[in-house]
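The values are calculated or read from the model by the stated rules, or taken from the named source; none is laboratory data. Computed from a prediction, not measured in an experiment: that's the story for all the values here. Here Cβ is always computed from backbone atoms with ideal geometry, including for glycine, and neighbour counts include all displayed protein chains. The accessibility values were calculated without ligands, DNA or RNA, using every heavy atom of the protein model including side chains. Shrake-Rupley method; radii C 1.70, N 1.55, O 1.52, S 1.80 Å.
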Amino acid sequence: MISQAETRAMKKALKLAAYGRGRTFPNPMVGAVILDRDGNHAGDGFHRKCGAPHAEVIAIASAGDASSGGTMVVTLEPCCHHGRTGPCTDEIIRAGISRIVIATTDPDPRMSGRGIKQLESAGIEVETGLLSGKTRALNRVYRHYLETSRSWVTLKIALSLDGRTAAADGSSRWISCDKSRRRVQRMRASVQAVLTGAGTVRADDPELTVRLNDAPSQRQPVRIVVSSTGDFGDSWNIFRSPGRVIIAVPEGVAARLTEYTGIPGVEVWEFPMNPGSQGINLTSLFERTAADGIGEILCEAGSDLSTRLLNDKLVDSVSIFTAPVILGGEGRPAFEQLGIGNIENAVRLENISSRRSGSDFLTEGCVVYRAD
Ligand SMILES: NC(=O)c1ccc[n+]([C@@H]2O[C@H](COP(=O)([O-])OP(=O)(O)OC[C@H]3O[C@@H](n4cnc5c(N)ncnc54)[C@H](OP(=O)(O)O)[C@@H]3O)[C@@H](O)[C@H]2O)c1
């Protein structure tokens, strides 16, 4: 039986876990709360960043002696293996915790219930499944990485009411309202990288940095630009603004990019060409970004890159702003050919949320791909 105090503690643990957003990858976000023998809050903690102590260890330290005989409420199954830090299960047993309430098991194959078994063998009462849906959603980037070894990609698009992303001449500033654009700044601040295509760089000369007035020392996301040619026209803003920039190009193109690689923070990644297409293999790109510590990427590109990503089943979620603007059939579409042909084959979303964003409407959801 789960008590009301434990449910409240799990809500707090979830909130704490979310403070680690964008910093824990490739680890999950985890929060933990300790209740003393009488069910009162005695301590808490969360995993701040990869390599830092785990939530359970911080919570035990903050609760002190009250851990003994108390209950730990934690968003994820405690680890039982030696990684960058020691096993949390050992700490929990040593602290004398008598009951533990866990939201979800850890999908990491080194864990997957082993931590729970160890705790049970030590005589600790274990309950699982409390608010598990919320924890699963919180750690979608971590789960996705364990399953695919790739970064999570969110495709963000600003659309006119008639589904266009730019006018006929390529101008798209600004389709969405001020409030939506501020929201996009916060989205950028919450991911580790922003991705675009050379077409958008040539058309808009964007910086793609975070410019939030209330966070002047904001850490900048890595900016990634893909190009098969290395031609960025006269656009320099993305390369000259502060932070790290990755130019992803086919093998052999780096040699043409010396004027960019001389700029501090700019680096070039080369990839083999994708057989039968004009570009690099985007799956390899996202495997390499994940290996580089980039958990989540926000893609802000035009129809060319957006279409390729969707066709390659590499878009994991979308954030689509629809603005009260009409651009007509001559405007640029959000996507090119997706080979759908039939409503049955339409790309659909799940876990959808829809809300107002100033004068726009924001729809978010995870993409559901049909099995081939
Ligand atoms: N409303 C919105 O939300 C929004 C957002 C962004 C952009 N836009 C608008 O979109 C328009 C630009 O659209 P676009 O389709 O030309 O731009 P894009 O999709 O941003 O960039 C396309 C370019 O990306 C490169 N690329 C794509 N896939 C690649 C791969 N697999 N490997 C290597 N390179 C790859 C190619 O560059 P190379 O040509 O160098 O090979 C390609 O030409 C602009 O008018 C812009 O204002 C609108």
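Observations, loosely collected:
- Whichever residue in the stretch 163-186 is more than 11 Å from the ligand (Cβ to nearest atom) and open to solvent by less than 60 Å² (accessible area, probe 1.4 Å) and, among such residues, is farthest from the chain's Cα centre (by Cα): CYS177
- Taken together, ALA95, ALA122, ALA66, ALA103 contain a single residue that is within 26 Å of ASP316 (Cβ to Cβ), open to solvent by less than 60 Å² (accessible area, probe 1.4 Å) and not assigned by TED's automatic domain parsing to the domain that holds ILE294, which is ALA103.
- Among the residues of the stretch 43-63, those identified as open to solvent by 10 Å² or more (accessible area, probe 1.4 Å) and assigned to a loop (DSSP other than H, G, I, E, B) are ARG48, LYS49, CYS50, GLY51, ALA52, PRO53, HIS54.
- Single match in GLU287, GLU267, GLU330 (criterion: open to solvent by 50 Å² or more (accessible area, probe 1.4 Å) and without any contact (Cβ under 8 Å) to a residue 40 or more places away in the chain): GLU267
- Screening the candidates ILE320, ILE294, ILE280 for the property of being buried (at least 19 other Cβ atoms within 10 Å of the Cβ), farther than 25 Å from ASP162 by Cα and within 15 Å of the ligand (Cβ to nearest atom) yields one hit, ILE280.
- Test: residue in the stretch 54-61 that is touching a helix residue (DSSP H, G or I) at 6+ places or on another chain (Cβ under 8 Å) and of a type in the set (D, E, K, R): yes
- When we screen LYS49, LYS15 for residues that are modelled with pLDDT under 95 and closer than 28 Å to VAL194 by Cα, the only hit is LYS49.
- Test for SER190: is it away from the ligand (no atom under 15 Å from the Cβ), assigned by TED's automatic domain parsing to the domain that holds ASP231 and surrounded by fewer than 21 Cβ atoms within 10 Å (Cβ to Cβ): yes
- From the options ASP312, ASP304, residue that is of a type in the set (D, E, K, R), within 14 Å of the ligand (Cβ to nearest atom), over 22 Å from the mean Cα position of the chain (by Cα) and open to solvent by 20 Å² or more (accessible area, probe 1.4 Å): ASP304
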